[in-house]
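Enquirer: Have a look at this one before I ask anything.
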Amino acid sequence: MEPPPPTPDRDGPLARASDRALRKLARGGRRYALPWLSIRRWTIRLQFVGAALLAGLIAILFAIGAELAIDTHAGIMAELPWLTLLVAPAGFALMAWISRTWFPGAQGSGIPQTIAAIESDDPAVRKKLLSMRLAIAKVFLTLGGLLSGASIGREGPSVQIGASVMSLIAGKKTRRIANSRDLMIAGGGAGVAAAFNTPLGGIMFAIEELCRFHPFRANSTTLIAVIFAGLMSLAVLGNYTYFGRTPAAIGWPDSVWPILLCGAIGGLLGGGFSRLLVASSRGLPGRLGQLSNDRPVAFAALCGLGTALIGLATGGLTYGTGYAESKAALEGAAQLPVYFMIAKMAVIWLAFLSRIPGGVFAPALAVGAGMGANIGLMLPPEHGSAILVLGMVGFLAGITQTPITSFVIVMEMTANHQMLLPLMATAVVAHAFSKTIAQTPLYHALAYPTLRKVEADLQRQRPAI
């Protein structure tokens, strides 16, 4: 008879080590599994995704409304061009009065307000600059400006709208997916991505402009927000490009002189125009400055009258964003006149002086197209619309001092990847020339006075409270 098998020693060192390993494995499994099973964490994620989708949807509806407003104004002016002498001053005055009286944080572009909110750690300051109330007001006031013929864009308002929507979910630190600054940065990038169907441009704008003086730590947050805003744009508008598809290209070494000319002239012109806008924001000299301070609504009406007169003199070329004129020139369907660049800069300046809501990003692209058309007169005609694209990048990089964002967003707007290297080189040259004229980038130079003004207003209100 064989002896029974030995029973395992449950108190031995091997058994104890095995039990510890199993318990450790079970704890680790729970640690990795519980976050995925947590209802609270999924709620936070769904709130973030919902906010990104909402920001994209508002930006898309804003884009559709802007096109309708521009087309409506163009139709009226085609039938009754002299009516602009009444429509533009009245529209400018009305938008200025509404924004000053009821929505003080809605004036101007929206990008300086977003940067000011990112720079501040005071929740009260951020609330004065970013809120759903301001976001909705920004949409309708900008549409009103476009109906009046103002040369304003929707990219700056889209940034403020996206940042306002994303800041809604900025709650307690233990119950949010990211901190408030990262959420605002993500919202700004999502607004740009949805407004122009340029997801890479939205990401680069968030990194290069909104994070210029901060370490970029919102990479996953921004990426997710831009992706979902882009998906919303794809679902509503389809896979489109802002300026259509521009196959024109220019090779090496033929591109050397166009790159140098568009980069140097765009940088100098963009930097000089940036300084003009910054200086104008601090006040005009003489009686005009006094009128602007004492009677801002009447001054806005005067700016509207100037816009109307320039529009009549140019046959309506300077109204709105300049999108239709730039696209027609890129497609070869029309030729931009020599005076278009200067006239467009003048109406952008007038809209900026009036302080009505609206951005300068899209109109700056039209100025760049006009600059490229003028430079093209000095170069062989076979280069065609490629020079216009280089001019757009050169002036945009010069006025904003964001070279990477400029060439990426123009490349996406034109769906022309063959121009990648010339666009990159033009943006770098323009940025270098612009820095020699304007040391501080445009939006940041406008953001700091905005931040100081809001902080001063709050300081005056707090003792009374």
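Enquirer: For segment 83-188, what does the alpha-carbon gyration tensor say about shape, rounded, prolate or oblate, given a ≥ b ≥ c as the root eigenvalues, a/c under 1.5 as rounded, and a/b over b/c as prolate?
Expert: On the way: a/c = 3.13, a/b = 2.54, b/c = 1.23.
Prolate shape, in that a/c is at least 1.5 and a/b is the bigger ratio.
Enquirer: Next up: For the chain, give the percent of accessible area contributed by carbon and sulfur heavy atoms, probe 1.4 Å, rounded to a whole number.
Expert: On the way: 14000 of 21270 Å².
Percent of accessible area from carbon and sulfur atoms in the chain: 66.
Enquirer: Also, quick follow-up: Measure off 7 Å from each Cα along the Cα-to-Cβ vector at Leu421 and Asp71, then give the distance between these two points in nanometres to one decimal.
Expert: 4.1 nm
Enquirer: Report the full-extension gain for the segment Arg133 to Ile342: residue separation times 0.36 nm, less the Cα-Cα distance, to one decimal in nm.
Expert: On the way: separation 209, 0.36 × 209 = 75.24 nm, distance 3.59 nm.
Here the answer is 71.6 nm.
Enquirer: Sort segment 331-435 into rounded, prolate or oblate with this rule: let a ≥ b ≥ c be the square roots of the eigenvalues of the Cα gyration tensor; rounded if a/c is under 1.5, and if a/c is not under 1.5, prolate when a/b is larger than b/c, oblate otherwise. Mind dumping the intermediate values first?
Expert: Details: a/c = 1.77, a/b = 1.23, b/c = 1.44.
In terms of gyration-tensor shape, oblate.
Enquirer: What are the principal axis extents of the Cα atoms in segment 381-465, in Å, biggest first?
Expert: Between the extreme Cα coordinates on each principal axis of segment 381-465 lie 68, 28, 19 Å.
Enquirer: Give a residue-ordered list of calculated ³J(HN,Hα) values for segment 247-255 (Karplus: 6.51 cos²θ - 1.76 cosθ + 1.60, θ = phi - 60°; whole Hz; x for Gly, Pro).
Expert: So the Karplus estimates, Gly and Pro as x, are x, 4, 9, 9, x, 9, x, 4, 7 Hz.
Enquirer: In nm, what is the difference between 0.36 nm times the number of residues separating Gln47 and Ala279 and their Cα-Cα distance?
Expert: 79.4 nm
Enquirer: Against the globular-protein guess of 2.2 N^0.38 Å, express the Cα radius of gyration of segment 270-420 as a ratio, rounded to two decimals. Can you show the working numbers first?
Expert: Details: Rg = 16.3 Å, N = 151, 2.2 N^0.38 = 14.8 Å.
Rounded to two decimals, the normalised Rg is 1.10.
Enquirer: With every protein chain in place, what's the accessible area of Tyr448 (1.4 Å probe, Å², nearest 10)?
Expert: Number for this one is 70 Å².
Enquirer: Quick one: which residues, 5+ away or cross-chain, put their amide H under 5 Å from the amide H of Gly359? H built at 1.01 Å from N.
Expert: So Gly359 has HN proximity to Gly153, Arg154, Glu155, Gly156.
Enquirer: Starting from the exponent 0.38 and prefactor 2.2 Å, build the expected Rg for the chain from its residue count and divide its actual Cα Rg by it.
Expert: On the way: Rg = 26.5 Å, N = 465, 2.2 N^0.38 = 22.7 Å.
Rounded to two decimals, the normalised Rg is 1.17.
Enquirer: Continuing with this model, one more query. Can you list which of the trypsin sites (Lys or Arg not before Pro) found in segment 245-316 are DSSP loop residues with at most 12 other C-beta atoms within 10 Å?
Expert: Working: sites: Arg245, Arg275, Arg282, Arg287; in loops: Arg245, Arg282.
Those satisfying the criteria are Arg245, Arg282.
Enquirer: If ligands, DNA and RNA are left out, what is the accessible area of Asp457 with a 1.4 Å probe, given in Å² to the nearest 10?
Expert: Solvent-accessible area, nearest 10 Å²: 40 Å².
Enquirer: Explain nothing, just the number: relative contact order of the chain, from Cα pairs under 8 Å at least 6 residues apart, as a whole percent.
Expert: Numbers: 843 pairs, mean separation 101.6, N = 465.
Computed over the chain, the figure is 22 percent.
Enquirer: With every protein chain kept in the model, how would you rank Ile70, Ile356, Ile224 by accessible area, 1.4 Å probe, largest at the top?
Expert: On the way: Ile70 40, Ile356 5, Ile224 65 Å².
Ranking Ile70, Ile356, Ile224 by accessible area, largest first, yields Ile224, Ile70, Ile356.
Enquirer: Classify segment 247-336: rounded, prolate or oblate, from the alpha-carbon gyration tensor (a ≥ b ≥ c, eigenvalue square roots; a/c under 1.5 rounded; otherwise prolate if a/b is larger than b/c)? Provide the component values of the computation, followed by the final result.
Expert: Working: a/c = 4.25, a/b = 1.72, b/c = 2.48.
Oblate.
Enquirer: By how many degrees, 0 to 90 and rounded to 10, does the Cα axis of helix 84-101 deviate from the longest principal axis of the chain?
Expert: Once rounded, one gets 40 degrees.
Enquirer: If I fit a long axis through the Cα atoms of helix 403-414 and take the longest principal axis of the Cα atoms of the chain, what angle between them do I get, 0 to 90°, rounded to 10?
Expert: 80 degrees
Enquirer: With a 1.4 Å probe and every protein chain left in place, work out the accessible area per residue of segment 364-444 in Å², rounded to a whole number. Please report the intermediate quantities before stating the final value.
Expert: On the way: 2330 Å² over 81 residues.
I get 29 Å² per residue for this part.
Enquirer: Sticking with this one: Taking a probe of 1.4 Å, how large is the accessible area per residue of segment 176-323, in Å²? Write out the running numbers ahead of the final one.
Expert: Values: 6280 Å² over 148 residues.
Result: 42 Å² of accessible area for each residue.
Enquirer: Next question. Taking 0.36 nm per intervening residue step and subtracting the Cα-Cα distance, what contour gain separates Gln335 from Leu86 on full extension?
Expert: Working: separation 249, 0.36 × 249 = 89.64 nm, distance 2.93 nm.
Net length gain for the segment: 86.7 nm.
Enquirer: Tell me the angle of helix 340-354 to the major Cα principal axis of the chain, expressed in degrees between 0 and 90 and rounded to the nearest ten.
Expert: The angle comes out near 70 degrees.
Enquirer: How do the peptides 57-65, 427-435 rank, highest first, by the average count of neighbouring beta carbon atoms within 10 Å per residue?
Expert: Working: 57-65: 19.6, 427-435: 23.4.
Packing order, densest peptide first, comes out as 427-435, 57-65.
The values are calculated or read from the model by the stated rules, or taken from the named source; none is laboratory data. Predicted, not measured: the structure shown is a model, and the values here were computed from it. When we count neighbours, we look across all protein chains shown, and the Cβ atoms used for this are built from the backbone with ideal geometry, even at glycine. In case anyone asks, the SASA skips ligands and DNA or RNA and just uses the protein heavy atoms, side chains included. Shrake-Rupley method; radii C 1.70, N 1.55, O 1.52, S 1.80 Å.
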